[in-house]
Amino acid sequence: MPVELFSTPLIATILGVLHIVGIFAAVHAVMTVRTSQGAIAWALSLVMMPWLTLLPYAVLGSAYFTGYTNPQRFRNEVARLQARGIDPVWAQRHPEYIAEYPEDSGLQALTRLTDTPLLRGNHVRLLINGEVTYEALLAAIRQARQAILVQFFAIADDAAGRALHDALAERARAGVTVQFLYDGIGCHALPEAYIATLAEAGAQVRKFATRRLANRFQINFRNHRKLLVVDGEVGFVGGHNIGTMYLGERAPLSPWRDTHIELRGPVLGTLQLVFAEDWFWATRQLPHMLAPATRDGTMLCQALPSGPADARETGSLFFVTAINAARSRVWLASPYFVPDEAVMSALELAVMRGVDVRVLIPTRPDHHVVFHASTLFAHDAVQAGVRMFRYEPGFMHQKVVLIDDRAAAIGSANLDNRSFRLNFELMVMTLDAGFAAEVETMLVADFACAREVGLDEYRNTPYWRRALMHIAHLFAPIL
């Protein structure tokens, strides 16, 4: 007789197998999940409800990105380039450009944290919003003569995305080396034709994605960096992805508020090396790197990459270091505010030291679960004395840190666990009073367009929405 599909013995067997698999998965969670809270949550749910949590754990559970860059193989490739007169670790050969943070800055730990140098002789230009940023990006690409290294988390096949495509394709056809890296999840909707026509023009196009079959649909370990380096002459880092949405042309999030920076000088050597590690993961080859052009820049800069392949909690520790370094002021802007315990404690301690602590977040949500969790965290922060502000004209997507009157960091990292531990991110710290003053002017204008969050925002919220906030809060380790 045929076996009944839903017979009691068959169901019992399936459940038994799931529980056995769940136990093994729980052991894996205890051994690999970085935070004790996350490990306990995963282990209990995998043992008690494996039928519900095994699939989410397969997609979200691991907190480590293994096999990112084989250090010895990477060093061998670097040595081969050096033998040919090309030096991708340029800064190590030019110690005259390497600087140290002043003793009173409180930022000395950043050099050991990221293993990247603080470099003198740079120039940084602030790019506010999409129109200015895209104009600068495209102008640099069109002037390229040797090599373009470019990577973005998200690219849309719209007018903005096609403008980037056409500019890169034109340079590739002209003989310029174009190496284009895109994230497999962030660009999931990008048509194959977009990639194929770039490749046909001569560009080298690769997707950043894990290669293990189990992680085929892995939404963690995304490459969230936005980086462009042209000819070793000029580079760009910041919050903008590529699409008309980032120009403020898509309701209901328009107008879109974002910040990018244009960089020139020795720091481009480090930026190329950051790209090289990502490119090496995707291709097992090094990209076309050039010695950075050195001119008369006067600014101290440090590129600060972070990601789940780091031995330390680099992303979280960067924010802790920056907040702890503040003596009079620390202003932060982030579209998402889901800090871990270390960052929240650093914010609270800064308030206790008498530091002016302000955080700018959006009024409008683009991800509702994150927004609800962020609202609860904002309430907790306000109770601790942190001044929280909601930007009102449109969606606020910039990632900015301003420390006192001389240090500012801009890049791709958000104030959430995904940026702290699960994504590859890139910030650039600039130590320059003039640039810090420009960032201050920008943020003052942003705060003028924001309303300060009071304790009443949470208290006046209907009970059912407060319940949703607390439920969303439970997912903070993966938001």
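If the requirement is being farther than 12 Å from F319 by Cβ and in contact (Cβ under 8 Å) with a residue 12 or more places away in the chain, which of these qualifies: A342, A346, A384? Spell out how you get there, then give the answer.
Values: A342 fails: farther than 12 Å from F319 by Cβ; A346 fails: farther than 12 Å from F319 by Cβ.
Answer to the check: A384.
With segment 205-310 as the region, which strands (runs of 3 or more DSSP E) entirely inside it contain at least 2 residues that are among the polar types (S, T, N, Q)?
299-306
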Restrict the check to segment 328-340 and report whether at least one residue is modelled with pLDDT under 95, buried (at least 23 other Cβ atoms within 10 Å of the Cβ) and in the same structural domain as F208 (by TED's automatic domain parsing).
-> no
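Table: residues versus (1) surrounded by fewer than 24 Cβ atoms within 10 Å (Cβ to Cβ); (2) in contact (Cβ under 8 Å) with a residue 12 or more places away in the chain; (3) not basic (K, R).
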residue	(1), (2), (3)
G269	no, yes, yes
E277	yes, yes, yes
R284	yes, yes, no
H288	yes, yes, yes
T294	yes, yes, yes
T298	yes, yes, yes
E313	yes, yes, yes
L317	yes, yes, yes
A322	no, yes, yes
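Within segment 353-471, considering only helices (runs of 4 or more DSSP H) that don't extend past its boundaries, which have at least 3 residues that are buried (at least 16 other Cβ atoms within 10 Å of the Cβ) and in contact with a strand residue (DSSP E or B) (Cβ under 9 Å, 6 or more places away or on another chain)? Steps first, answer last, please.
Details: elements: 368-383, 433-448, 456-459.
It comes to 368-383, 433-448.
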State whether the residues of segment 97-106 include one that is of a type outside the set (S, T, N, Q), assigned to a strand (DSSP E or B), modelled with pLDDT of 95 or more and touching a strand residue (DSSP E or B) at 6+ places or on another chain (Cβ under 8 Å).
-> no
Assuming G239 fulfils every condition listed in (1) surrounded by fewer than 23 Cβ atoms within 10 Å (Cβ to Cβ); (2) under 25 Å from L422 (Cα atoms) apart from one, which condition is it?
-> (1)
Conditions (1) in contact (Cβ under 8 Å) with a residue 60 or more places away in the chain; (2) in contact with a Ser or Thr (Cβ under 6 Å, 6 or more places away or on another chain): number failed by D405 | (2)
Mind listing just one residue for me: the one in segment 117-143 that is surrounded by 19 or more Cβ atoms within 10 Å (Cβ to Cβ) and either small (G, A, S) or without any contact (Cβ under 8 Å) to a residue 60 or more places away in the chain (or both) and, of those, nearest to G265 (Cα to Cα)?
-> G121
Taking first residues from segment 153-167 that are within 11 Å of E249 (Cβ to Cβ) and second residues anywhere that are crowded, with 16+ Cβ neighbours inside 10 Å, the pairs with Cβ under 6 Å that are 6 or more apart or on different chains are A156/G243; D158/G243; D158/T244; A159/T244; A160/I242; A160/G243; A160/T244
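The values are calculated or read from the model by the stated rules, or taken from the named source; none is laboratory data. Computed from a predicted model, the values in this text were never measured in an experiment. Neighbour counts run over all protein chains shown; Cβ positions are idealised from the backbone, glycine included.
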